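*Asks:* Below is the structure I would like to discuss, written out as structure tokens.
The values are calculated or read from the model by the stated rules, or taken from the named source; none is laboratory data. What you see is a predicted model; the values in this text were computed from it and never measured. A quick note on method: Cβ atoms are made from the backbone with ideal geometry, for glycine too, and the neighbour counts reach across all protein chains shown. Surface areas here come from the heavy atoms of the whole protein model, side chains and all, with no ligands, DNA or RNA. Shrake-Rupley method; radii C 1.70, N 1.55, O 1.52, S 1.80 Å.
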Amino acid sequence: MFILASQSPRRQELLQRIVPAFEVKPAKIDERALPVLPPKEYVQQLATAKGEALAKDYPDATIIAADTMVSFHDELLGKPKDEADARRMLQELSGQTHQVYTGLYVHLGNQVVKTAVVQTDVLFWDLDEAMLETYLETDEYADKAGAYGIQGDGALLVKEIHGDFYNVMGLPISTLYRMLTNEI
Ligand SMILES: Cc1cn([C@H]2C[C@H](O)[C@@H](COP(=O)(O)OP(=O)(O)OP(=O)(O)O)O2)c(=O)[nH]c1=O
């Protein structure tokens, strides 16, 4: 049995491209209970916490968990608290390159676990006030790390990326595929 330990509709959409059938069981963890670490370690810690929360109850299942964070000058940008927080984040990211990290945790059953962190560098256009306000009106920012969704209207903010596009969406499926087929 495959389990996706995520409530993210984007992760469900992306996983369907490589795993035809799976169950969705969001992991209930208190992210605030975990120490803040440097970005790569932090997303790995969160993905692992989500996956382990499910592995206890489903020891024989293949469990997939992930966590995505935006990092800018080593500041972690998670989901914005509100519109003002989203505006602050996007103003910070305007005209600059930031990193998007997704931590992966794969429990292959019988305590066999694989982990990985995938990084994508994203360069934003210079965002003028009109562009910012237009984007914020979409409310797309609300459940997205870094207050933007590259797969949606957020595409208009992005000038260049270097790395996996799907990693920015929240599930680097080319890496995950190779973890599941034992290529890595
Ligand atoms: C940067 C970026 C993030 N995101 C999303 C991916 C994740 O769903 C979300 C980061 O929050 P996460 O805490 O990684 O995930 P989640 O809370 O959505 O779901 P779960 O913890 O149950 O797995 O931001 C996009 O959809 N597009 C983007 O461009």
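*Asks:* Tabulate in residue order the Karplus-calculated ³J(HN,Hα) for region 24-39, using 6.51 cos²θ - 1.76 cosθ + 1.60 with θ = phi - 60°, rounded to whole Hz; enter x for Gly and Pro.
*Replies:* 9, 9, x, 7, 9, 10, 9, 4, 6, 7, 9, x, 6, 10, x, x
*Asks:* With a ≥ b ≥ c taken as the square roots of the eigenvalues of the C-alpha gyration tensor of region 2-180, please select rounded if a/c is under 1.5 and otherwise prolate if a/b is larger than b/c or oblate if it is not?
*Replies:* Since a/c reaches 1.5 and a/b is larger than b/c, the shape of region 2-180 is classed as prolate.
*Asks:* Same structure again: I'd like to compare 1-8, 121-128: which one has the highest average count of other Cβ atoms within 10 Å, and what's the full order after that?
*Replies:* 1-8, 121-128
*Asks:* Long-range amide H contacts for residue 7: which residues qualify at under 5 Å (H placed 1.01 Å from N, peptide plane, sequence gap of 5 or more or a different chain)?
*Replies:* Counting only residues 5 or more places away or on other chains, the set is 27.
*Asks:* Another question, then. When we measure straight from the Cα of residue 40, which lysines land under 19 angstrom away, once same-chain ones fewer than 8 places off are left out?
*Replies:* Straight-distance partners of residue 40: 50, 79, 114, 144.
*Asks:* Let me ask something else. Scan around residue 77 for amide H atoms under 5 Å from its own, H built in the peptide plane at 1.01 Å from N, and keep only partners 5 or more places away or cross-chain.
*Replies:* 70, 71, 72
*Asks:* How large is ³J(HN,Hα), in whole Hz, for each residue of region 147-164 in order, when computed from phi with the Karplus curve 6.51 cos²θ - 1.76 cosθ + 1.60 and θ = phi - 60°, using x for Gly and Pro?
*Replies:* Running phi through 6.51 cos²θ - 1.76 cosθ + 1.60 with θ = phi - 60° gives 6, 8, x, 5, 7, x, 5, x, 4, 6, 8, 9, 8, 8, 10, 10, x, 6 Hz.
*Asks:* Would you mind working out the accessible area per residue for region 2-180, using a 1.4 Å probe, and quoting it in Å²?
*Replies:* Counting only protein heavy atoms, the per-residue value for region 2-180 is 48 Å².
*Asks:* Could you give the nm distance between label points at residue 31 and residue 125, where each point is 7 Å from its Cα heading toward the beta carbon?
*Replies:* It works out to 2.8 nm between the two label points.
*Asks:* Got a sec to turn the phi values of region 10-23 into Karplus ³J(HN,Hα) couplings, 6.51 cos²θ - 1.76 cosθ + 1.60 with θ = phi - 60°, whole Hz, x for Gly and Pro?
*Replies:* Running phi through 6.51 cos²θ - 1.76 cosθ + 1.60 with θ = phi - 60° gives 5, 5, 5, 4, 6, 4, 4, 6, 10, 10, x, 10, 7, 9 Hz.
*Asks:* Once neighbouring chains are kept in place and the probe is 1.4 Å, which whole percent of the accessible area of the chain is contributed by carbon and sulfur?
*Replies:* Ligands and nucleic acids excluded, carbon and sulfur reach 50 percent.
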